[in-house]
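The values are calculated or read from the model by the stated rules, or taken from the named source; none is laboratory data. Please read all numbers here as calculations on a predicted model, not as lab measurements. All Cβ positions, even for glycine, are placed from backbone atoms using ideal geometry, and neighbour counts span all protein chains on display. To get the accessible areas, we keep the full protein, side chains included, count just its heavy atoms, and leave off ligands, DNA and RNA. Shrake-Rupley method; radii C 1.70, N 1.55, O 1.52, S 1.80 Å.
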Amino acid sequence: MVLSSFGCLSAVVLMFETSTGNISGFDLTISESDRPSNYEVSTQYYGNSGFIGRLVYQGDPCTLRFSNGGTVALQTVYNRFYFTRVDNSGTSYPSVWREFFLVTRTKGLYHGGGQHDYSNINQVVANNNGTIEFEYGAGFETVSVGQTGYNTVGQSGIYDGTNGYQYKYRYKYLWTDVTLIRTSQSKNLNNNNRGYFESLIYVSIDGTDSLSTNLNLIGQYNPRSYHNEPDAYIFGVERAAPDLIPFSELVTKTNYQNAYAVGTLRFHSIESIGTVRFASNLAGTETNFQFSTTVAGQVRTFPYHVVFVPTIAAQTSPTTINSAYTSFNSKSYTMPTVIGGTPNVEQVLIGDLKIFVNTGLSLKAVPASTYSSIVYCFLTVN
């Protein structure tokens, strides 16, 4: 995962709720349908055994893209999604697979708590890199007096300061239920290749790399007792900074207490422990964080510091990242749902990533230009 301190959107949230779904234990002996078009109907499928959970969103209207982020299955007929076999050592076998596609249903949660199935029809993601639309925005932002806004039940009107039409967006949250449908298409799926299977789905906002969520799903085909089940998890990074961080504001952030928020990290797993660390290079060995640019053919830089502020983690204190090997672990936590339903006990790590600069930084020392930087985030699951 890469989190850039510039070039990002603000006030956007994409998180996952397992709810009554699951991210592991999908039975690959089941074959449900080969026809995605059969699911473009009003019938909902969150009661199916393939129900994964909910993707919850806040932000402007957007397009959500679903991509294969893991092993590429071999000799497939369609460009869909695939569980591929993985052995006890973690080695993938792309020639052994089961195909599936995704059925989604998007709804809105009003500010007053009511749910609205506004679409009344499913959106099917039949193929790798398929998309669905969030036609409306969602969030907590308010409008000024005289502007058009929404009340707690989604009605619109001109806000006069007292009449309740204070919300910028019709909904507090949007969410989409995600269910996988297993097809009859498979390769070498037999008792000679029984065991566990893995599929990594990368969910992102189309047209930007401002945030993403990774769904690492685990399937099984008649596993034996000596087969080790791989780790199933959800991992996402959201950017909190605007497109360009104003230098005049950044220079006022000179310690970890008033550091500038640039992102939020989320890890969930039913059982597996997640460990996260940060670095300034792709090798994961340095913490020499710097903004850089080229001015008149000369590379100019200035340093900054990264702070991780866990909100749900085994360690709860804000920590300045002075070593690439400083790590943060998930903890067992009863995770509430923002949409509603029974909370799950999960392994959870959630925290904010912030930055600050050295005292005394000024435009005199930093030539005017657009500077950029990357913070690399490394996840280990066990």
Name the pairs: first residue in the stretch 100-122 and on the phi > 0 side of the Ramachandran plot, second residue polar (S, T, N, Q), Cβ to Cβ under 7 Å, at least 6 apart or on different chains? ASN120/SER42
Could you list, in sequence order, the residues of the stretch 287-313 that are exposed (fewer than 15 other Cβ atoms within 10 Å of the Cβ) and under 28 Å from GLN347 (Cα atoms)? THR311
Restricting the stretch 65-108 to residues that are in contact with a Ser or Thr (Cβ under 7 Å, 6 or more places away or on another chain) and of a type in the set (Val, Ile, Thr), the residue that is farthest from TYR171 (Cα to Cα): VAL96
Here is a list of conditions, (1) assigned to a strand (DSSP E or B); (2) modelled with pLDDT under 90, and THR20 meets all of them except one; can you say which number that is? (1)
Kindly evaluate TYR226 against the criterion of being touching a His at 6+ places or on another chain (Cβ under 8 Å) and more than 19 Å from SER204 (Cβ to Cβ). no
All conditions in (1) touching a residue at least 40 places away in the same chain (Cβ under 8 Å); (2) not in a loop (DSSP other than H, G, I, E, B) are true of ASN192 except (1)
Of the conditions (1) open to solvent by 50 Å² or more (accessible area, probe 1.4 Å); (2) at positive phi; (3) not polar (S, T, N, Q), PRO343 fails just one. Which one is it? (2)
Among the residues in the stretch 322-334, are any open to solvent by 20 Å² or more (accessible area, probe 1.4 Å) and either aliphatic (A, V, I, L, M) or in contact with a helix residue (DSSP H, G or I) (Cβ under 7 Å, 6 or more places away or on another chain) (or both)? no
Do we have GLU229 as touching a residue at least 24 places away in the same chain (Cβ under 8 Å), in a loop (DSSP other than H, G, I, E, B), in contact with a Phe, Trp or Tyr (Cβ under 6 Å, 6 or more places away or on another chain) and under 30 Å from ASN190 (Cα atoms) here? yes
For ARG224, the lone unmet condition from (1) crowded, with 20+ Cβ neighbours inside 10 Å; (2) part of a loop (DSSP other than H, G, I, E, B); (3) basic (Lys, Arg) is (1)
Does the stretch 145-153 contain at least one residue that is among the polar types (S, T, N, Q), crowded, with 17+ Cβ neighbours inside 10 Å, out of contact with any Cys (no Cβ under 8 Å at 6 or more places or on another chain) and closer than 30 Å to ASN68 by Cα? no
